[in-house]
Structure formats: structure tokens, C-alpha cells
1. Could you calculate the contour length gain from A:Val69 to A:Ile84, that is, 0.36 nm times the residue separation minus the distance between their Cα atoms, to one decimal place in nm?
2. Using per-residue counts of other Cβ atoms within 10 Å, averaged over each peptide, order B:102-115, A:113-126, B:169-182 from highest down.
3. Using only DSSP helix segments of four residues or longer, with each worth -39500 (n - 2.57), what per-residue ellipticity at 222 nm results for chain B after dividing by its residue count and rounding to 500?
4. If you take the square roots of the eigenvalues of the alpha-carbon gyration tensor of the stretch B:53-135 and sort them as a ≥ b ≥ c, do you get rounded (a/c under 1.5), prolate (a/b over b/c) or oblate?
5. Please pull out the direction-averaged projected area of the stretch A:115-185, using the convex hull of its alpha-carbon atoms, in nm² to one decimal place.
6. Which residue, chosen from B:Leu125, B:Gly91, B:Val112, occupies the Cα position most advanced towards the positive end of the dipole of the stretch B:1-149, where the dipole is computed from +1 (Lys, Arg) and -1 (Asp, Glu) charges on Cβ about the Cα centre?
7. Pairs of alpha-carbon atoms within less than 8 angstrom and 6+ residues apart define the contacts here; what relative contact order does the stretch B:120-217 have, in percent?
8. Let me know the charge dipole size of chain A about its Cα centre in debye, to the nearest 20, where only the beta-carbon of Lys, Arg (+1) and Asp, Glu (-1) is charged.
Amino acid sequence: MIEFLGELVHYAPAFWRGLRFTLALTGIAMAIGVGGGLALAMLRRSRLRLARILATIYIEFFRTTPLIVQLVWIYFVLPIALDIELSAFQSGAITLGMNQAAYKSEIFRAGIAEVPLGQRRASQALGLGRIDTFRFVVLPQASAVILPLFMAHTMLLVKGTAYVSLLRVPELTHTANLISLDSFRFLEVYLAVGVIYFILIYPIGVLGRWIENKGSHKWRPLQ
Amino acid sequence: MAASTVESDLGNVDAPEAQVAIRSLSKSYGDLNVLVDVTIDVAKRDVLVLIGPSGSGKSTLLRCVARLEPFDAGQLWIEGHLVALGEKSKGDGAELATPNHQKRLRKEVGMVFQEFNLFPHFTALRNVALAPERVLGLDRDEAENRALVLLEKVGLAEKAHEHPARLSGGQQQRVAIARALAMQPKVMLFDEVTSALDPELVGEVLEVMRELARDGMTMLVVSHEMQFAADVADTVFFMDQGSIVETGSPDQIFHEPHEDRTKAFLQRLLAR
């Protein structure tokens, strides 16, 4: 086993490619997830009933169906429905992003609800508009509240990219699959890929705790 | 704009000259009448104090004047312009100021809250500078200079770079006053601003308010600080169950109240 771990070095370029795909999927899904999640959270607070209903349907759809089902749907159905072409990578990234948006919007909503009404009143009384109030008053405070949950959820996202292997996108898990079929060394290959995931994900939790301690302690009330 | 004549169920009404004119304002939540036909004129440099039991509608009235809450009927005039109208008073013929004009007039009213409501993630300086920067369009240096001058005025220049969590309640409330003043309002609303403070911190906040009154600020104050009211108020209003029960000089209200409800309330207040 030890000598094979050494031989794994031959597969380093493949792992490297897999890592890049995993990171790209994570990055794109994060961007869609944060942007879409914020938009959905705001829609759910909208004065328009229809906007609230549509946002709720979207969120519940993505929360009540398995990610794998969503992947297949968006890969096979969306191109037909919208008459567009989507590569496996594109549909994987879009699915992850849309799934993220649903969950992140719930996190954002919880964070926004935590900001006391008095904060909004004070901001409004100063003449700040809705957008400025959100940007300067509500969002920074909500962010601090949701940070631990946000980071935990981001860790889930990195792991979630593994599902995209189903569409044969050569990210880490699919790469591991190919290498193990090539070498018949399933245990060693999956050990190696597990370590890579760990190295990728563990710092996110550490970063979260660091920001939590660093960022907001100055404005937390002294106990 | 010259005083315009407005047709309404109040008859022909000239635009009031008062800095703030609250006319026949009513508001209810379902069956609960929070405000019943409240009319108050706040003239320039007036200091008016509202007293009354909790739930009497004082705070709701201030929030209506600050336009943090809508009301059902009546009119709100600021500087002779109609800035808000109850749903039921629409169609009276009174003409609202344009939305832009309303926005501009909104800045003429500053408000300070019982719970301070400072922004906890900003320093005292940023708390004060934010609105001048974002709403008045001052650049950062200008806004922060203005903020420093105001923090100096409330005696907190040396705390400019502290976050609210590091300040005492009295200091936080003084920052909140500076923050409202930074918009250079013509009228200041104070909503029980000393009620959440430890007794030994009340004095420093009242002192700032006394100074404002001396400087000629127009003030509408909800407060149970009788000594303060006696010293600075021009008129005291006693409110109960949403309406104004009695109006008079502080001396008259506190020493010779006419209404039984006023007497009962003052007795309870003194017995505390």
C-alpha cells in the first residue's frame, strides 16, 4: 500500500485537474448561491405577495428534492425546455448554485430577522433609504449572526460538488473513480482523495472561527 | 411656497405656520384606538413635553411624526407643507408635497429612541457620519468632521473611535443625539430617551437636551422627567388612551391639573 501511495504521484496531473474542477464548481456555485440567496431572501420580504409565493416555491422545491435528482433534471430537461446547450460542467455548476441559493436564502432570512426593528427605524429616521439601510445597517449585522452557519454550509457545498461526478465532470471524485478503475487500487485512491477534500474543507471552518473572533468582538456587548 | 388654502372636512384650512402641525391624527390597530384625533402645533423653538401612562399613544405619535409609521386619518404638516396624510383623509382635497419634497422635509425631523438604536458595528464617529455621507452626500472627511464637532458638543469627542458596546448607556444616548443632530434637523423628537438608563446616567443626557433647548431647537419630547419638563417645557400635554386629555404650562399641569385622569397619573408618578 505504501509503495502504491508513492505511485500515485504519477496521477498527480489528473488529481490536479480534478481539484481545479472541484474549486471551479465551488466558486461558481458560491457566487450563484450568495447572489441568488440574497435575492430570494429579499423577495421573501417583498411587499408583493406573488414575489413571496414564487420565492417560497423555488426554495421549497430545492429543499425537498435530492441534489442528484436536481442534477439530472437540469442536465437533461433544462436544455430541452429552454432550447439551450449546457455542458455537464455548466449544468453541474448551475444546479449546485441554484440549490445553494435556496438554502443560503433561508440562512440570510434568519440573519436578517435577527436584526432588531429599532435598527431599521433608526436608519429610516435618519433618512437612509431601503437599499442603504439594508447595505449599511442590516446586512453587516445579519452577516455576523449567520457566519457560523454560512461557513458550515459552505463546507457542505464543497462536498456536494462530488455529486457532479454523476455527470462525469472530471472533478475530484470522478477523477478518483477513473484512477481507481485504471489502477484497481480503490482504497488508496479514495484515501488520497479523502485527504485532498479534508485539506480543502478544514480551513473553511478555521477561517470561519477566525473571522468570528476577529471581526465582531469589538461590537459585541461586554458581558 | 406660500400658504395654500386647502379644502378639507376641517373647512378651509390655511397651511399651518407651525414648524410641525399635527392635525386630527388618528390611528388604530383593529379595534384598539392608539391615537384619537390628536392635534398639536409645534412652533419654532417650542419645547413641548408629552406625558401619560404607557400605552397612551405618545411613542406612536412621535413615530408618526418621524414617518416611521403610517396613520389612518389626519394630516401632518412640516414647515407649512403637507407631508403625510391618513388613508381616510385622502380625498379631502389636501395636496401632498411631491415625494422628493417629502424626502427633503423628512430630514428636517430628527429622532432619538428609548433604546438608543446605535449601529453596533460602527464606531461612534461612523454612527454619526453615516447619514450625512449617504443622505446629504457629504464626502467622508466632511461628514466625519461634522460628526466630531457634534461628539464634542455632547462631550464625547474622546470616544469617537469606540464601538457602542464599549460605551455606557448615557454615552450611547448622547451619541444617538449627536447622530440625529448631524442631519441638521429643525425639529428633534425624543422618545423616552432616559427611560432605559440607570438613574445616575439620566442627568448627562438631560443636560445635553437642556443645552439644545437653550440653543433654540424645536423639540417634541416624551418624558416623565418632571423636573426637566418644569425647567424647559413651554407646554405639557397629558395623553391617555390615545387622546390629549389636558394641555397647559408645566406649572399648571404639575401643580394644578384640572382633569381627574391627569391628577391620578401624576399621583402614581410621584408615588414611584
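1. On the way: separation 15, 0.36 × 15 = 5.40 nm, distance 1.99 nm.
Length gained, A:Val69 through A:Ile84: 3.4 nm.
2. Details: B:102-115: 20.6, A:113-126: 18.7, B:169-182: 25.4.
In descending order of packing, they fall as B:169-182, B:102-115, A:113-126.
3. -10500 deg cm²/dmol
4. Numbers: a/c = 3.30, a/b = 1.49, b/c = 2.21.
Here the stretch B:53-135 falls in the oblate category.
5. 7.1
6. B:Leu125
7. For the stretch B:120-217, the relative contact order is 31 percent.
8. Details: 21 positive and 12 negative charges, 279 e Å.
The calculated dipole for chain A is roughly 1340 debye.
The values are calculated or read from the model by the stated rules, or taken from the named source; none is laboratory data. Not measured: the values here are computed from a predicted model. For neighbour counting, all protein chains shown are included, and Cβ atoms are generated from backbone atoms with ideal geometry for every residue, glycine included. Each accessible area value is taken on the protein alone, full model and side chains, heavy atoms only, with ligands, DNA and RNA left out. Shrake-Rupley method; radii C 1.70, N 1.55, O 1.52, S 1.80 Å.
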